[in-house]
Every structure is written in structure tokens, then in C-alpha cells.
């Protein structure tokens with residue numbers, strides 16, 4: 001017979017939180033509002049897609065990103081201060097501008113700026129620069145330009161904000177015009193520009209095909225003795241490589257006293273543009289011998305050269321082994337380049353193996369690279385299946401690939417791929 005144990009004393013009654021009962025408890029003390037970072041206009045990250053081999057599971061569509069909630073603090077506090085006739089100091093306006101910059105809400109930005117103008121307050125230069133950043137962060141570039149044009153005094157931060165805003169939005173002609181005006185205004189005072197702004201200017205010259213201006217910038221940098229800086233030298237190498245001026249690119253490279261990943265990678269990219277694929281591979285090997293660190297962009301660039309060399313992918317396999325050794329084979333850019341390289345070299349099975357490894361990190365580029373591999377190797381049935389799975393997931397294949405597939409299969413039979 002089992003022993004009878006006395007029941008424990010009853011515990012003090014506790015409140016239970018049920019779904020149908022109301023509770024007056026306050027939120028946890030450690031609850032804090034979500035802080036947003038200052039947004040920068042960069043290229044969006046590729047969406048992750050769960051696409052796998054056409055012969056296995058179907059594609060799931062990409063998840064939609066949540067929209068950023070509007071920040072109402074600034075829009076609520078302004079009418080309240082007006083109603084209470086509360087004196088608003090410069091420090092308060094500065095805090096409101098900072099908060100509006102973080103929220104990236106254009107309506108609130110316009111409302112706040114209108115309030116500041118209505119008050120007729122003489123604003124210091126620091127606050128005007130913050131207003132410029134606020135408008136740029138909210139996507140109101142025209143408003144930022146109007147504020148800039150009426151500024152009686154401008155410093156480097158004023159000019160740089162407008163220059164970067166045009167540059168990041170792809171308005172390279174306007175960015176160049178702003179830089180030239182800034183150069184005339186600030187160079188008189190002996191101002192020394194930071195290397196990053198020269199790098200942006202050289203890219204703007206390359207994107208606008210303005211070779212004469214780029215060469216003038218190079219001459220100016222030579223006069224200033226700034227060409228030995230790795231950021232500036234790599235930008236010059238990329239600029240000349242963009243226009244297939246390999247001799248000028250090599251001249252800049254050879255004059256640099258100390259090379260790093262940027263300069264070596266820029267030289268490899270320039271060699272690929274000039275279709276000097278053996279030289280690009282040689283630079284990649286030499287880069288390893290001298291002990292310079294390789295990054296994902298270095299591997300992505302040299303793999304493009306390997307895919308165009310007539311050696312059945314042997315050099316690409318060596319580069320792939322090097323990427324595995326350095327732990328870069330899981331990088332999405334490297335994987336995409338590996339798929340394209342193996343597909344172009346006729347090693348489709350190796351391309352599929354790399355593609356299977358990207359199951360959790362797939363993007364539009366890797367999908368199109370795999371599609372290109374099927375088309376290049378004449379596997380049109382697999383390519384058609386792949387296209388329909390991509391479109392079912394809401395991913396649009398690149399139009400040139402679809403056109404090649406239509407030509408290979410017959411446009412009348414596959415007109416529905418539009």
C-alpha cells in the first residue's frame with residue numbers, strides 16, 4: 001500500500017491573464033521604442049528565394065517586406081507647441097530634424113520645414129546642413145536643392161550632401177556640376193578634399209562617358225600628390241579599365257607604392273574588360289603570392305575570366321578550391337559567379353551542385369545564371385521548366401535569356417513565356 005502524503009499548503013492566489021479578461025498591468029520596464037539608423041541610399045539587398053532544381057520541389061514566392069511605420073512624434077508635437085505658444089529653441093528644432101531624418105517621412109519633413117520658415121528664425125549653418133540631410137533621407141531631392149540654393153553660407157558638408165545625393169540617385173551629370181562649383185568655391189580657401197569624394201567623381205565621369213574630365217581629374221590628383229592613396233588609385237584603374245585603356249590602368253597600378261585588395265581587384269577587372277583573361281588569372285595568382293587578402297569581389301571578377309578561357313573549367317576549379325580554402329565559397333556573389341563559370345565551361349553538373357548549395361541564399365542573379373547554364377548547354381526542356389517555376393514565384397527572368405530560349409525553341413511554341 002502506498003503511503004499517503006499530506007497535500008502542500010495552498011499557494012497564494014495569482015492573477016491569470018486570460019484572453020477574455022482585462023488587465024491593468026503596465027508594460028515591462030525595459031520596453032524601449034525602436035531606434036532606426038540613418039538611412040543610406042544604397043542598392044537593395046537581393047531577395048532570398050527558395051528555388052531549387054526544376055525536377056524537385058516548387059518555388060515559394062519571396063516574402064514582402066514590411067513597410068516602415070510613420071513616425072508621428074514630430075507631426076504631433078508641432079501643433080501642440082503652437083497651441084500652447086511654447087517657445088521653440090534651435091536645440092528643439094535640431095532634435096525634431098534628427099528624428100524626422102530617422103523616420104524618413106516626407107510629409108513630416110515638409111511640415112517641419114514649413115514650420116521653421118513660418119517662424120522666421122535665423123538658422124545656423126549646422127541646422128541648415130541637417131535640414132539638407134533630412135530632405136535627402138526622405139527622398140525630397142528637389143526640396144534639398146531649393147534649401148541649398150538660398151543658403152547664404154555653405155561649407156564642405158553642404159556641398160558634399162548635395163553631391164552625394166545626386167550621386168546616389170544616379171544623377172551623375174548634376175553631381176559633376178555640383179563638384180565643379182564646389183571646387184571653385186572651396187579650392188580658393190585651400191581646402192583639401194577627402195579621397196572618397198574623388199572616387200565618387202571618377203565613377204560619375206565613367207558613368208557619363210566623360211573621358212576628358214576624368215583625365216583632368218587624374219592630372220589634378222597628380223598635382224596634389226594623391227594618386228598613391230589606394231582608394232583613389234583603384235578608382236583611377238577602374239576608370240581607365242571602363243574605357244579599355246589597359247596601358248593607362250597599368251601605369252596607375254605600377255606607380256602605387258603599396259597595393260591592397262582594392263588595387264589588385266581593380267586591375268583584374270580592367271584586364272577582364274580588355275579580354276586579357278590570362279593576365280587577369282595571373283594577377284589573381286600573384287595577388288595570393290604576395291599575401292594580399294582576396295575578397296568576394298576579387299573571386300567574382302576572376303571567375304568571369306575563367307569562364308571565358310578555353311580550358312574546360314580547369315582554372316575555374318582551381319579558383320573554386322581557393323575560395324573553399326578561404327571560406328568564401330558560401331558567399332552569394334561567389335556562388336553566382338561559380339554557377340555562371342561552370343555553365344559557360346560546359347560543366348553543368350558542377351553548376352547544379354553549387355546551385356543546390358545556395359538553397360538558403362538564392363537571388364535573382366543566381367537564378368538567371370542557372371537558367372543561362374541550361375540554355376548554353378542545349379538543355380531547353382529543363383530551361384523551360386526553370387522559367388515557369390521562376391515566374392510562378394514572381395521572379396522575372398532576364399529578357400535576353402528569354403529571347404535566346406524563344407529562338408532555340410521556336411517563338412510560336414513558347415510565346416506564353418511573356
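Go through (1) exposed (fewer than 15 other Cβ atoms within 10 Å of the Cβ); (2) farther than 23 Å from residue 332 by Cβ and name the single condition residue 402 misses.
(1) is the only condition that residue 402 fails.
Which pairs do you get when a residue that is at positive phi, found in region 95-117, comes within reach of a residue that is not in a helix (DSSP H, G or I), reach meaning Cβ atoms under 6 angstrom, with the pair 6+ apart or on two chains?
104/39; 104/138
May I ask you to list the residues in region 103-120 that are in contact with a helix residue (DSSP H, G or I) (Cβ under 8 Å, 6 or more places away or on another chain), under 13 Å from residue 138 (Cβ atoms) and in a helix (DSSP H, G or I)?
Within region 103-120, 103, 107, 108, 109, 110, 111, 112, 113 qualify.
Rundown of residues vs (1) crowded, with 16+ Cβ neighbours inside 10 Å; (2) in contact with a strand residue (DSSP E or B) (Cβ under 7 Å, 6 or more places away or on another chain); (3) touching a residue at least 12 places away in the same chain (Cβ under 8 Å); (4) under 27 Å from residue 307 (Cα atoms), yes/no style:
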site: 222; (1), (2), (3), (4): no, no, no, no
site: 253; (1), (2), (3), (4): yes, no, yes, yes
site: 256; (1), (2), (3), (4): yes, no, yes, no
site: 285; (1), (2), (3), (4): no, no, no, yes
site: 293; (1), (2), (3), (4): no, no, yes, yes
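If you scan region 224-243, which residues turn out to be surrounded by fewer than 19 Cβ atoms within 10 Å (Cβ to Cβ) and closer than 19 Å to residue 298 by Cα?
Answer for region 224-243, where residues must be surrounded by fewer than 19 Cβ atoms within 10 Å (Cβ to Cβ) and closer than 19 Å to residue 298 by Cα: 230, 231.
Please identify the pairs in which a residue from region 118-141 that is touching a residue at least 24 places away in the same chain (Cβ under 8 Å) and on the phi > 0 side of the Ramachandran plot has its Cβ atom under 9 Å from the Cβ atom of a residue that is part of a loop (DSSP other than H, G, I, E, B) and buried (at least 18 other Cβ atoms within 10 Å of the Cβ), counting only partners at least 6 apart or on another chain.
Partner pairs satisfying both residue conditions: 139/104.
Quick one: which residue in 334, 395 is in contact (Cβ under 8 Å) with a residue 60 or more places away in the chain and either exposed (fewer than 15 other Cβ atoms within 10 Å of the Cβ) or touching a helix residue (DSSP H, G or I) at 6+ places or on another chain (Cβ under 9 Å) (or both)?
That would be 395, the only listed residue that is in contact (Cβ under 8 Å) with a residue 60 or more places away in the chain and either exposed (fewer than 15 other Cβ atoms within 10 Å of the Cβ) or touching a helix residue (DSSP H, G or I) at 6+ places or on another chain (Cβ under 9 Å) (or both).
Consider region 296-331. How many of its residues are surrounded by 17 or more Cβ atoms within 10 Å (Cβ to Cβ) and in a loop (DSSP other than H, G, I, E, B)?
Total meeting the criteria: 5.
Restricting the search to region 387-413, which residues are part of a helix (DSSP H, G or I) and either over 29 Å from the mean Cα position of the chain (by Cα) or closer than 18 Å to residue 347 by Cα (or both)?
Listed by number, the residues that qualify are 404, 405, 406, 407, 408, 409.
In this structure, is residue 236 at pLDDT 95 or above and more than 13 Å from residue 175 (Cβ to Cβ)?
Details: at pLDDT 95 or above: yes; more than 13 Å from residue 175 (Cβ to Cβ): yes.
In short, yes.
Can residue 215 be described as out of contact with any helix residue (DSSP H, G or I) (no Cβ under 6 Å at 6 or more places or on another chain), surrounded by 15 or more Cβ atoms within 10 Å (Cβ to Cβ) and more than 17 Å from residue 298 (Cα to Cα)?
yes
What is the residue count in region 352-365 for residues that are in a helix (DSSP H, G or I), touching a strand residue (DSSP E or B) at 6+ places or on another chain (Cβ under 9 Å) and crowded, with 21+ Cβ neighbours inside 10 Å?
Within region 352-365, residues that are in a helix (DSSP H, G or I), touching a strand residue (DSSP E or B) at 6+ places or on another chain (Cβ under 9 Å) and crowded, with 21+ Cβ neighbours inside 10 Å number 1.
The values are calculated or read from the model by the stated rules, or taken from the named source; none is laboratory data. Small disclaimer: the values here were computed from a predicted structure and weren't measured. With ideal geometry, Cβ positions are generated from the backbone for all residues, glycine too; neighbour counts draw on all protein chains shown.
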